[in-house]
1. Keeping to segment 46-64, report how many residues are more than 28 Å from Glu9 (Cα to Cα), touching a strand residue (DSSP E or B) at 6+ places or on another chain (Cβ under 8 Å) and in a helix (DSSP H, G or I).
2. What's the number of the condition Lys95 fails, among (1) basic (Lys, Arg); (2) without any contact (Cβ under 8 Å) to a residue 60 or more places away in the chain; (3) out of contact with any strand residue (DSSP E or B) (no Cβ under 7 Å at 6 or more places or on another chain)?
3. Which of the residues that make up segment 31-55 are away from the ligand (no atom under 16 Å from the Cβ) and closer than 10 Å to Phe88 by Cα?
4. Can you name the number of the only condition in (1) over 18 Å from the mean Cα position of the chain (by Cα); (2) within 22 Å of Leu90 (Cα to Cα); (3) surrounded by 21 or more Cβ atoms within 10 Å (Cβ to Cβ) that Ser249 fails?
5. List every residue pair whose Cβ atoms lie under 8 Å apart, where the two residues are 6 or more positions apart in sequence or sit on different chains, the first residue falls within segment 138-156 and is surrounded by fewer than 19 Cβ atoms within 10 Å (Cβ to Cβ), and the second residue, located anywhere, is outside any loop (DSSP other than H, G, I, E, B).
6. Considering only segment 204-233, how many residues are within 12 Å of the ligand (Cβ to nearest atom), touching a residue at least 40 places away in the same chain (Cβ under 8 Å) and part of a helix (DSSP H, G or I)?
7. Being more than 16 Å from the ligand (Cβ to nearest atom) and in contact (Cβ under 8 Å) with a residue 24 or more places away in the chain is the filter here; which residues of segment 57-80 pass it?
8. Looking at (1) among the small types (Gly, Ala, Ser); (2) within 11 Å of the ligand (Cβ to nearest atom); (3) over 10 Å from Ala142 (Cα atoms), can you tell me which one Ser179 breaks?
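The values are calculated or read from the model by the stated rules, or taken from the named source; none is laboratory data. Because the structure is a prediction, the values reported are computed rather than measured. FYI the Cβ positions are ideal-geometry reconstructions off the backbone, even for glycines, and counts take in every protein chain you see.
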Amino acid sequence: EDKARASYEQKLKNVQHSVSKKLLEIALAKKSNLIASADVTTTQELLALAEKVGPHIVALKTHIDIISDFEYEKTIIPLKELSAKHQFLLMEDRKFADIGNTQELQFKSGVFKITDWADFVTSQVIGGFESLDCFNNVGVVAIVGMSSKGTLTTSSYREEALKITLSHPNVIGGVSQSSIPEEILLFTPGVNLADSGDGKGQQYNTPEYVFKTLHSDFIIVGRGIYKSNNPEEAAISYKNEGWNAYIKSLKI
Ligand code: 5BU
């Protein structure tokens, strides 16, 4: 059953974490609830996409370990400049899934040094509450439920995952395909206007469904944007679809 949701203004009054506040402020300023997923494999494609879609998004989601020519100076420094120029945050979709000590090493060391540039990161919560302690300089989006067919994130798993998500001070929200309590932010991938799946297990919903039925706060769109012939136009149309669906969901 559909009921009215909390507005971004209401959420802004209640959230504690600085990253949650920034995301909501950008959403209101840009009238956008769109996060573009930059699943491209070269630095040039990543920067070109960020330049085109940057003005229309609240955050750019990266899988930094798929960039084949990654170099901190060549990849991250210009990406940071674009995020400042176009006012979007950087979300590294690392999906940490280990013990706290290992996650800390993966977060702070190696070539990617995620701690130095990401505004927020995704993490599984399978390692338990304390595994999230190392992310104390960024926001964490906890993976509560996945969008793919046959995922093991059953309702009992999600219930336990939500307990950690709601209680850990580093956590700003969750990724899920179901509703979560309104005190945190809901990020929903698996959004596409043209397709219902990708033949590899991904399952898509429309922006209308995720705002009205799930009360999502942010939609995450990958191939719908970066595979489009005109990624900027595609970003604008997902931004408008998402914003209109959000406005409608306030009035139910
Ligand atoms: P797509 O091209 O719009 O299907 O990309 C979706 C992105 O969101 C991709 O980077 C995935 O890794 C990410 N994702 C997802 O699709 N589903 C999930 O449940 C989670 C992440 Br968690």
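1. 3
2. Here Lys95 clears every test but (3).
3. Gly54, Pro55
4. Just one mismatch for Ser249, condition (2).
5. Ser148/Gln203; Lys149/Gly197; Lys149/Gln203
6. Selection size over segment 204-233: 3.
7. The first filter runs over segment 57-80 and keeps only residues more than 16 Å from the ligand (Cβ to nearest atom), leaving 68-80.
Residues satisfying the conditions are Ser68, Asp69, Phe70, Glu71, Tyr72, Lys74, Thr75, Ile76, Pro78, Leu79, Lys80.
8. Evaluating Ser179 over (1) among the small types (Gly, Ala, Ser); (2) within 11 Å of the ligand (Cβ to nearest atom); (3) over 10 Å from Ala142 (Cα atoms) leaves (2) as the failure.
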